[in-house]
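**Student:** Dumping the structure here so I can ask a few things about it.
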Amino acid sequence: METGLIFPSAGGIAGAALAAPLLSGVINRTKAVFAGRQGQPLLQAYHDIIKLLGKGAVYSRTTTWVFRAGPIIQFSCAALALALLPMGFQPALLAFPGDFICLAGLLALMRFFLMTAALDTGSSFEGMGASREAAFSALAEPVFLLSLAVLARLTGALSLSGMASRLALHPAEGSGPVLVLTTLALFVVLLAENARVPVDDPNTHLELTMIHEVMALDHGGPDLAFIQYAAQLKLWIMGILVVNALGLGGRGGWACAGGMAALAVLIGIVESTMARLRLLRVPQLMIGAGALSLLALLLTLVRP
Amino acid sequence: MAWLLLSLSILLASGLAAWVLRRESIGLAGAIVGCAAGLVSAAAPLLTGRSCALSLPWSVPYGSFHLEIDALSAFFLLPLFLVGALSAVYAYGYLAPYRRSQPLGRTWFFYNALVASMALVVTARNAVLFLTAWEAMALTSFFLVVFESERKDAREAGWSYLVASHLGTAFLIILFVWLGSRAGSLEFERFGNLDSRAAGMLFLLALIGFGTKAGFFPLHVWLPEAHPAAPSHVSALMSGVMIKMGIYGLLRIYICLGPGPAWWGWLMVAVGVVSGVLGVLFALAQSDLKRLLAYSSVENIGIIALGLGLGMLGRSLGIPALAALGFAGGLLHLLNHALFKSLLFLGAGAVAHSAGTRDIEHLGGLAKAMPWTAGFFLLGAVAICGLPPLNGFVGEFLILLGAYHGACAVGHLAAAGAAAIAAIALIGGLAAACFTRAFGIVFLGQPRSRHAESAHEVGWSMRIPMAALAAGCVAIGLGAPWLLASADRFLGPLGVGAGSWAGSGARGCLLGLTLLWAGLLAIVLAAAGFRRWLLGGRPIGEGGTWDCGYGRPSERMQYTASSFAQPLISLFAPVLRTRRKLATPTGYYPGPADLATTTPDIASRGLFSPAYEAMQALLARFRWLQHGYLQLYVLQLAVTLLVLLIWKLG
Amino acid sequence: MSAWSELILILVILTNLLLVGGNRLTGLIRFAAVQGLLAGLLPLLVHSHAITARLIFLAALAVALKGVAFPLLLGRALREADIRREVEPFVGSELSTFLGISLLAFSFWLSEWLGIAQAGWLRLMLPVGFFTMMTGLFLIISRHKALTQVLGYLVMENGIFLLGVALVGEVPFIVELGVLLDAFVAVFVMGIAIHHINREFNHMDVHLMARLKE
C-alpha cells in the first residue's frame, strides 16, 4: 500500500502554488514573440491577482449564495489537488491507489460549481458558455481516464506518484510509441480543459465565441482573483501530468521545472500557429484524442 | 427476527385500520413506527454478521413461510425502511391538498403494504412466498401510481407499468419452476448444482425477469412513465428502493447458481454500459423534471450493473481484489442511490407542490423562494454526479478502482476494464451536464413564468426528510472507511473470499479519501474567511447582471433547458433521434416563430411499439371469432367440454 | 529494425483513422498517399536481413505509384471537377471516427481469435492489415463522392497488401508486378470515368446517379 506521508512535500506544493501563474506569463511571452510584439511582463498574472484582491465586489440581484460560493469552491478544489501531485523526486503529499480518480473528481467538482455559478446570473451568454463547457468536458473525461489507464498498465502502479517515479526511472522496453500517443492524448485534454486554442481562444472579445471566459463574466474583485488563480493552478496540475507521462517529472526538480517551461512554450506555439476550431468540430477533436489513447491501450495489450 | 415480524404486523395492521376507519394519521404513524422497528431488525445482522431465520409451514403446496435475514438481506432492508419512514413523513405535507377530494386512508394502506411486501421479498427464502410478495409489491405500487386516477396520463402509466411488471414476473415464474424441478423443492437453499448450460439459461431468465423490475435497457420503458405519474413520495420509494429489488433478486439467483463462467460478467458489464450511457442521454433530453429523474435512475442502475458485472468477472476469473471492489462498489452505489435519488424526488415533489408545474422550461429562480429545498436539491445533484466529498463519489471510486485493477490485468479482462473506465467517465460527465441543467434552470436565474413567481417554501414535514437524507449522503461520503469496515459481512454471501476486501487495500484508499475531504473542508473555510476579511471594510455593490454591458436583460432571454442540452443532443443524435418541429417567420419582417422538441424513448418506439403492433395485427385476424351470438357461444362451450370429456375418459 | 516497423504500422493506423474522420478531399488524397508510401516501404523492413535488388525495385515502384502517381491523377480529377469537400456523407464525422475505433478494436480481436501465431512485432501486422481493409470498405460504403470511393479502393488494396506481407513471406515477382499494374490501370480508368461523369452530369455524386436506373 502506498499511503504515505513519508517525504513531506510541502516545499513542492508551495513552489507549485507560487509558480503556477508564471506559466501563463511564459505562454503569453511566446505568443508575443511569434507576433513580433514586446508582450506583457512575465509576472503580469501576479500583478492582476494582487490588483483584484484589493478591490471591492458587486453582486447581481439575480444571484444567490451559489454565485458567492462558486469561486471559493473552485479555488479550494484546485489547491487541494496539489496535494495529490508528485513533483520532482518527491511523491505527492497524499498518495494511494486510485488517487488520480480523486484528482479527476476534484476537477469535476470545480467545473460543476463554475457552471452552476454561471447559470445563477440568469444571463444567456453565461448559460451558453456553461452548456459548451458541459459538452466538451463530458467528452474529455473518458480520454483523460483512459490515458491514465494506459500509464497504469505500462507501469503497474495505480497511484500518480508510483506512475511518475516508474516512468522516469524504469521505463519499459519499447514503450516509446505508446508513451508518445498517450502524451499526445493528455496534451489535447490539457488544451480542452484549460481553454486553450484550438478549443477556446483565451484572447477573444466576442462573447458568442467564448467558453471559459464568459462563465466568469459577472465575477469581480477577490472572486475573480480566486477564479483566475484556480484556472492557473489547473493548468499547472494538468501540465505536471503531461510532464510526468514523458518521464521528466520523476527525474528531479530541475527536470520537472524545465519540462513545465517547455510545455508552456509548446502551448504558446500551438496557440500562435493554429486557429481555434469551429465549435462543431471540437467533439471530433476529442474523439480523435480518445482514438489515440485507445490505440495506445491496444498496443500495450499486443506486446507480450 | 421478532423485530421484523413486529414491523410487518404494525405496517399491515395500521394500513388496514387507516383504510377501514378512514383516518390517515393511523397509517402515517404505523408507517413510521413499523419502519423504525424494521431498521432495528436489519441492524443486528449487519453489525454482528449472524443471520436469523424463521420457518413455518404453510398450506400452499410447495410453499413454506421461510424467512431469513442474512447480511445481504439486511443490507437491502436498510434503505427500504429508511426511505420508507422518511417518505411517509414527507407525505403528511405533500398529500395535504388532496385531503379534501378523497379519503387518504386507502393510500396509506397501499403504502404500508408496499413497504411490507418489499421487506418480505428481501427476506423470503421460499419461491412461492417470494413470488407472492413480488406480486403484492407490483399490485400495491400500481394502485399508488394511479393515485391521481382522474388524470389520463396517470392511468396510462399505471397500465403500462402493470403490463411490464407482469411480463417480467412471467420470466420469473419460468425461472423458479425450472429451478424447483431440478432441486425437488422450492426452498432457495436447495437450489443449485446445475450443469453450465442450464445455469446459463437460468441466469438469462433471471436477468430478463429481474431486469424488467430493475430497469435495464431496453426493459426500462415503464420507468419514465410510472415514476413521474406517481405522487412524489411514492416515486422516491419506487426509484430509491423498489427497482433495487430487481438487483436483489438477480444477486440471490447468482448466489444460488454459484460462480458462473466469465460471459455472465461480460453480459452484466455490457448491460451496465448501455443502460448507463443511454439513461443519462435520455435524461438530458427531458424537460419534465420527474421524467428526467426517472431516466437518471436507469443510468444509476447501469452503474450498479457495471460494478456487479466487474465483481462477477473477478469471481469467475479468480481475481479476489476485483471481485471485492466490484461487488462492494456496486452495492454501495445501490445504497447511495437510494439516498440521493429519494432526496431528488422529494425535492422535485416540493417544487411541483409549490410551483404547480413539473416543466423545467417554466420554472426558474426558485432558490430565492425555496432556499432550503434548493440547498437540499443541490446536495442531491452533487451527490448523484459522483462528485467529492459526498457518497456518490465513494461508490464510483470503488468501481473505478476495480476497473483499473482489471485494465492492468492480462488478456481480455483489460478490455472489460477499459470499457468500464470509459463508460463511467462518460456517464459522469454527461450526468454533470444533466444535473447542472436541472438545478440551474429550475432554481437559479429568474422565474420564467407566473407559476415560478408564485412559489413558496414547503412546510417542515416536507423539509425534514430531505434534511435527513442529505445528512445521510454527507455521512456516507465522509465516513466511508468506518461504514465499510464490515464490508466482508455482506460480501460473504456473494462468494467473495474472507480476506479479499482487506487485501484489496480499499480501506487505505478510503482513509486517504476522508483525509482529502477533511482537507477540502478546511481549505473552503479558510478561503471563505480570507475573502470575508478582504471584503471587510470595502463597499459591496448590488446591481443587475452585468453580462458584458447589456442594458436590459429579461427573464425570457435566459438560456433555456433545451438550449443547454443542445450541443450534446445534436452530438448523440443518431442514438437519441430527437424530433424537432420548427416554424420560422416567413418573409423579410420579424414574425412569430415556434420550436418544439420531443425525444421519445427509442426502446419503446423501435422495439416494443412495433412488436405490439405486429401482435395486434396478428390477433386481429381472429376477430371473426367474436361474432356476438349468445347461442353460438354456448354451443362452443358445450362442444369443448364434450371433447375434453371424451379425451380424458377415453 | 522492429522498432521502425512498429512505428510504420502505428502511422498506418493513424492514417486510417484520419481517413475515416476527415472530410476534406485534398486532405484525404494526401493521407492515402502517405499510407501508400508507408505500405510500400514496409517489405524492405520486414526482409531487412535479405534485401535483394528485386525487393528494392518493387518497393520503389510501389512508392512511386501509390505515393506519387495516384495522388497526382486523383488530384487532377479533383481540380477539374472543382469540388473541395464531402457534402453530408451517410455517416457523420464523429460517428465515423467512433466506428473507426470500433473497427480497430474488432480487428485486434479478430486476429487474436484466428490464432495465427506470430512472433514479436509481427503480431501488430495482421490487425493493421484487417483494419486497413475494413477502412477501405467503410469509405466505399459510407461516402457519396466517386472520388472518395476510388480512395477507398486504394486503401483496401493497401490493406490486402499488408495482409499479404504478414501472412506470406515472398510473393512471386510477376504476381507483384501484376497487382501493381492492376491498381494503376484501375485508378487511371476511374480518373477518366470521373472526368467524363462530371462533364456530363455536373456533379460527382454517386448517390444521385441512382436515378440512372430508370
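The values are calculated or read from the model by the stated rules, or taken from the named source; none is laboratory data. Everything numeric in this text was worked out from a predicted model, so none of it was measured. Note that we place each Cβ from the backbone using ideal geometry, even for glycine, and neighbour counts take in every protein chain shown.
**Student:** If the requirement is being modelled with pLDDT of 75 or more and over 23 Å from residue C:72 (Cα atoms), which of these qualifies: C:130, C:201, C:184, C:173?
**Tutor:** That would be C:130, the only listed residue that is modelled with pLDDT of 75 or more and over 23 Å from residue C:72 (Cα atoms).
**Student:** Still on this structure, I have one more. Let me spell it out: the conditions are (1) closer than 30 Å to residue B:230 by Cα; (2) crowded, with 24+ Cβ neighbours inside 10 Å, and residue B:335 meets all of them except one. Which number is the exception?
**Tutor:** (2)
**Student:** OK, next. Looking at residue A:208, is it of a type outside the set (Lys, Arg) and crowded, with 19+ Cβ neighbours inside 10 Å?
**Tutor:** For residue A:208, the condition - of a type outside the set (Lys, Arg) and crowded, with 19+ Cβ neighbours inside 10 Å - is not met.
**Student:** Taking the conditions exactly as written (in a loop (DSSP other than H, G, I, E, B) and more than 10 Å from every other protein chain (Cβ to nearest Cβ)), does residue B:357 satisfy them or not?
**Tutor:** For residue B:357, the condition - in a loop (DSSP other than H, G, I, E, B) and more than 10 Å from every other protein chain (Cβ to nearest Cβ) - is met.
**Student:** From (1) surrounded by fewer than 23 Cβ atoms within 10 Å (Cβ to Cβ); (2) touching a strand residue (DSSP E or B) at 6+ places or on another chain (Cβ under 8 Å), pick out the condition that doesn't hold for residue B:228.
**Tutor:** Every condition holds for residue B:228 apart from (1).
**Student:** Across region A:149-175, which residue is nearest to the other protein chains (Cβ to nearest Cβ) among those that are surrounded by fewer than 18 Cβ atoms within 10 Å (Cβ to Cβ) and modelled with pLDDT under 85?
**Tutor:** Per the stated criteria, the residue is A:174.
**Student:** Oh, and also: Could you go through region B:420-427 and let me know if any residue there is surrounded by fewer than 24 Cβ atoms within 10 Å (Cβ to Cβ), more than 30 Å from residue B:359 (Cβ to Cβ) and of a type in the set (Val, Ile, Thr).
**Tutor:** Checking region B:420-427: not a single residue is surrounded by fewer than 24 Cβ atoms within 10 Å (Cβ to Cβ), more than 30 Å from residue B:359 (Cβ to Cβ) and of a type in the set (Val, Ile, Thr).
**Student:** If a residue must be at the interface with chain B (Cβ under 7 Å from one of its Cβ atoms), part of a helix (DSSP H, G or I) and either over 18 Å from the mean Cα position of the chain (by Cα) or in contact (Cβ under 8 Å) with a residue 40 or more places away in the chain (or both), how many such residues does region A:102-129 contain?
**Tutor:** 8
**Student:** Does residue A:141 fit the bill of being facing chain B (nearest Cβ under 8 Å), under 20 Å from residue B:425 (Cβ atoms) and of a type in the set (Asp, Glu)?
**Tutor:** Yes; evaluated as a whole, the condition is true for this residue.
**Student:** Same structure again: Inspect all residues belonging to region B:404-411 and state whether any of them is in contact (Cβ under 8 Å) with a residue 24 or more places away in the chain, farther than 30 Å from residue A:289 by Cα and within 14 Å of chain A (Cβ to nearest Cβ).
**Tutor:** no
**Student:** Right, something else. Can you name the residue in region A:271-301 that is touching a Phe, Trp or Tyr at 6+ places or on another chain (Cβ under 9 Å) and polar (S, T, N, Q) and, of all such residues, is farthest from the other protein chains (Cβ to nearest Cβ)?
**Tutor:** A:272
**Student:** In this structure, is residue A:136 more than 7 Å from chain B (Cβ to nearest Cβ), farther than 23 Å from residue B:433 by Cα and among the hydrophobic types (A, V, I, L, M, F, W, C)?
**Tutor:** Answer is no for this residue.
**Student:** Here are A:32, A:14, A:79: which of them is at pLDDT 90 or above, closer than 30 Å to residue A:155 by Cβ and outside any loop (DSSP other than H, G, I, E, B)?
**Tutor:** Every option except A:79 fails the conditions.
**Student:** Now for a separate question. Name the residue, out of B:339, B:325, B:387, B:378, that is touching a residue at least 12 places away in the same chain (Cβ under 8 Å), closer than 24 Å to residue B:276 by Cα and more than 11 Å from every other protein chain (Cβ to nearest Cβ). Explain how you work it out, then say what you get.
**Tutor:** Working: B:325 fails: more than 11 Å from every other protein chain (Cβ to nearest Cβ); B:387 fails: more than 11 Å from every other protein chain (Cβ to nearest Cβ); B:378 fails: more than 11 Å from every other protein chain (Cβ to nearest Cβ).
Testing whether each residue is touching a residue at least 12 places away in the same chain (Cβ under 8 Å), closer than 24 Å to residue B:276 by Cα and more than 11 Å from every other protein chain (Cβ to nearest Cβ) leaves just B:339.
**Student:** Give B:503, B:536 a once-over and let me know the one that is closer than 25 Å to residue B:399 by Cβ and more than 9 Å from chain A (Cβ to nearest Cβ).
**Tutor:** Values: B:536 fails: closer than 25 Å to residue B:399 by Cβ.
Result: B:503 is the single residue among B:503, B:536 that is closer than 25 Å to residue B:399 by Cβ and more than 9 Å from chain A (Cβ to nearest Cβ).
**Student:** Among the residues of region B:386-419 satisfying the criterion of being small (Gly, Ala, Ser) and not in a helix (DSSP H, G or I), which is surrounded by the fewest Cβ atoms within 10 Å (Cβ to Cβ)?
**Tutor:** The selected residue is B:411.
**Student:** Report whether or not residue C:50 is surrounded by fewer than 18 Cβ atoms within 10 Å (Cβ to Cβ) and at pLDDT below 80.
**Tutor:** Criteria met by residue C:50.
**Student:** Ok, one more. If residue B:321 satisfies every condition in (1) farther than 16 Å from residue B:386 by Cβ; (2) at pLDDT 95 or above; (3) in contact with a Ser or Thr (Cβ under 8 Å, 6 or more places away or on another chain) but one, which is the exception?
**Tutor:** (2)
**Student:** Filter region A:187-216 down to the residues that are away from every other protein chain (no Cβ under 14 Å) and in a helix (DSSP H, G or I), then identify the one that is nearest to residue C:14 (Cα to Cα).
**Tutor:** Checked region A:187-216; the qualifying residue nearest to residue C:14 (Cα to Cα) is A:187.
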